Amino acid sequence: MRISEVDNFNDFATLKDTWNNLLQRSSHTVFSTWEWLSTWWRHFGNGRRLLILLAEEDNRLIGIAPLMFSVHSMFGLRKGTIEFLGSGPVIAGARFVNYSDFIIENKHEKCLPLFFDYLDNLQEKWSDVELTNIPGKQDSLSRLNQVTNNIKPVYPSLHIPLPATSDALLKSLKHKDKKELGRYSRRLKKSGLKNELVDCSKIQLTSNGMKMLFALNQKRWNAKGLPGAFTDPNLCSFYLDIAECFSQKGWLGLYCLNLSGKTVGVLYGFRYMGKYYAYKTGMDPAYRHFNVGNLLFLNVMEECIRDGLTEFDFMWGTEAYKMQWKTSKRWNYEAIVPKKRPFGGFKYLLYNWYWYQGKRLEYFQRRLLKRSQ
């Protein structure tokens, strides 16, 4: 087996077809597609080094380690870290990738230890490999057990299997949640407002749907006295590029909820391999007395059922509005692999302690600054 490295975007671009062919022979999510990761790198790769490892056997690609090398600083201390491609940054609370993983053809788990052997011989000064957002699948965790025992659950996410009919979906809810949906439905009917779901996934409607997402998301956060995620133009540009690309691929699931012609809610998500990934929402706080969030989710779930999708993934977080849908919890995992060197594990613990204390200091500084304003 041969391990090779891709360290520039031009070579990354040539991998598109072989990358996505390997995806079809492995367990993965939409966040491992070449389209998602290459778009992320174009927007946020500055200051990082591309570090994609390829495993080939008999001139056939059987594994990809989609990685990058980053240098993080904390009060003068610099630490080189190897991470999953697309795992940062966090902008105004917005995270990019909900699931990250190695892309390995089924029954070829032996290439993962070879990836780490290759990393140990890199010239870059790195202290550890920090892998986050790994789906809690048995194959992913069993592979990682080959290289580290420092694996722990970190982020929960919620999902529901979609039944065959909308009636079955409603019947699966708890009595109090069905009653609440009925109450808001009667309130909406009494107001005379007409409920309509508009599919903005087609390329001619995507731009307007995304503008509504940005506007309503900002409006909601501004009503809470917070700036919101879409104050960053690069973030908006990234989401727009993903929407356009995914629309052309048939992967976009962008829906606007209209009440008598006025858009009051937007759900920006992805339809991929039988699943719907609910990625970002925007709600008009002026219509919260109609519970437009649950109304939007219900309409989109019914649309997914009609199209034959089998799962609705709410992604990160266990907020109360997600729990109303009788969801099941899954965990994302984090794996830490210190570099193989003398006292490598001890040095990682020192770095980690310093980082923890630095984060505490930053927290107290923010609190003091907020009090002084």
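The values are calculated or read from the model by the stated rules, or taken from the named source; none is laboratory data. Small disclaimer: the values here were computed from a predicted structure and weren't measured. Methodologically, a virtual Cβ is constructed for each residue, glycine included, from the backbone with ideal geometry; neighbour enumeration extends over all protein chains shown.
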Worksheet item: Do we have Thr263 as buried (at least 21 other Cβ atoms within 10 Å of the Cβ), of a type in the set (S, T, N, Q) and not assigned by TED's automatic domain parsing to the domain that holds Val97 here?
Response: yes
Worksheet item: Taking the range 104-158 only, how many residues are assigned to a helix (DSSP H, G or I), among the charged types (D, E, K, R) and either in contact with a strand residue (DSSP E or B) (Cβ under 9 Å, 6 or more places away or on another chain) or without any contact (Cβ under 8 Å) to a residue 24 or more places away in the chain (or both)?
Response: 3
Worksheet entry | Any chance Ser4 is out of contact with any Gly (no Cβ under 8 Å at 6 or more places or on another chain), assigned to a strand (DSSP E or B), modelled with pLDDT under 90 and surrounded by fewer than 16 Cβ atoms within 10 Å (Cβ to Cβ) | no
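If you scan the range 269-278, which residues turn out to be of a type outside the set (A, V, I, L, M, F, W, C) and either in contact with an Asp or Glu (Cβ under 7 Å, 6 or more places away or on another chain) or surrounded by fewer than 21 Cβ atoms within 10 Å (Cβ to Cβ) (or both)? Quick ask: steps written out before the conclusion?
Residues of the range 269-278 that are of a type outside the set (A, V, I, L, M, F, W, C), as a first pass: 269, 271-272, 274-277.
Gly274, Lys275, Tyr276, Tyr277, listed by residue number.
Conditions (1) out of contact with any His (no Cβ under 7 Å at 6 or more places or on another chain); (2) among the acidic types (Asp, Glu); (3) under 30 Å from Lys189 (Cβ atoms), marked per residue:
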site: Asn217; (1), (2), (3): yes, no, yes
site: Lys224; (1), (2), (3): yes, no, yes
site: Phe238; (1), (2), (3): no, no, no
site: Phe246; (1), (2), (3): yes, no, no
site: Asn258; (1), (2), (3): yes, no, yes
site: Gly261; (1), (2), (3): yes, no, yes
site: Val264; (1), (2), (3): yes, no, yes
site: Tyr277; (1), (2), (3): yes, no, no
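Whether any residue in the range 288-298 is over 21 Å from Ser166 (Cα atoms) and touching a residue at least 40 places away in the same chain (Cβ under 8 Å) is what I want to check.
Restricting attention to the range 288-298, the residues satisfying the condition of being over 21 Å from Ser166 (Cα atoms) are 288-289.
From what's left, touching a residue at least 40 places away in the same chain (Cβ under 8 Å): 289.
Yes, the conditions are met somewhere in the range 288-298.
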Worksheet entry | Filter result (closer than 20 Å to Phe312 by Cα and buried (at least 16 other Cβ atoms within 10 Å of the Cβ)) within the range 243-258 | Ala243, Phe246, Ser247, Trp251, Leu252, Gly253, Leu254, Tyr255, Cys256, Leu257
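Quick one: which of Leu158, Leu240, Leu193, Leu181 is surrounded by 15 or more Cβ atoms within 10 Å (Cβ to Cβ) and at pLDDT 95 or above? Give the steps one after another, and end with the answer.
Values: Leu158 fails: at pLDDT 95 or above; Leu193 fails: at pLDDT 95 or above; Leu181 fails: at pLDDT 95 or above.
The match here is Leu240.
Return the residue satisfying two criteria in turn: it lies in the range 319-337 and is outside any strand (DSSP E or B) and aromatic (Phe, Trp, Tyr), and of such residues it is surrounded by the fewest Cβ atoms within 10 Å (Cβ to Cβ).
To start, the set of residues in the range 319-337 that are outside any strand (DSSP E or B) comprises 319-327.
Still in the list and also aromatic (Phe, Trp, Tyr): 321, 325.
Values: Tyr321: 13, Trp325: 20.
Step by step, filter the range 319-337, then rank; the result is Tyr321.
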Response to the item:
Subset of the range 133-154, residues exposed (fewer than 14 other Cβ atoms within 10 Å of the Cβ) and at pLDDT below 85, comes to Gln138, Ser142
Discussion item. Out of everything in the range 216-232 that is within 21 Å of the chain's Cα centre (by Cα) and of a type in the set (A, V, I, L, M), what residue ends up being surrounded by the fewest Cβ atoms within 10 Å (Cβ to Cβ)?
Written reply: Ala229
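Which residues, counting only those in the range 180-226, are part of a loop (DSSP other than H, G, I, E, B) and more than 23 Å from Cys304 (Cα to Cα)?
Applying the first criterion (part of a loop (DSSP other than H, G, I, E, B)) to the range 180-226 yields 192-194, 200-202, 224-226.
If the condition is that a residue be part of a loop (DSSP other than H, G, I, E, B) and more than 23 Å from Cys304 (Cα to Cα), then Gly192, Leu193, Lys224, Gly225, Leu226 are the ones that fit.
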Fill in: Residue list for the range 298-314, restricted to those being more than 22 Å from the chain's Cα centre (by Cα) and part of a strand (DSSP E or B)
none
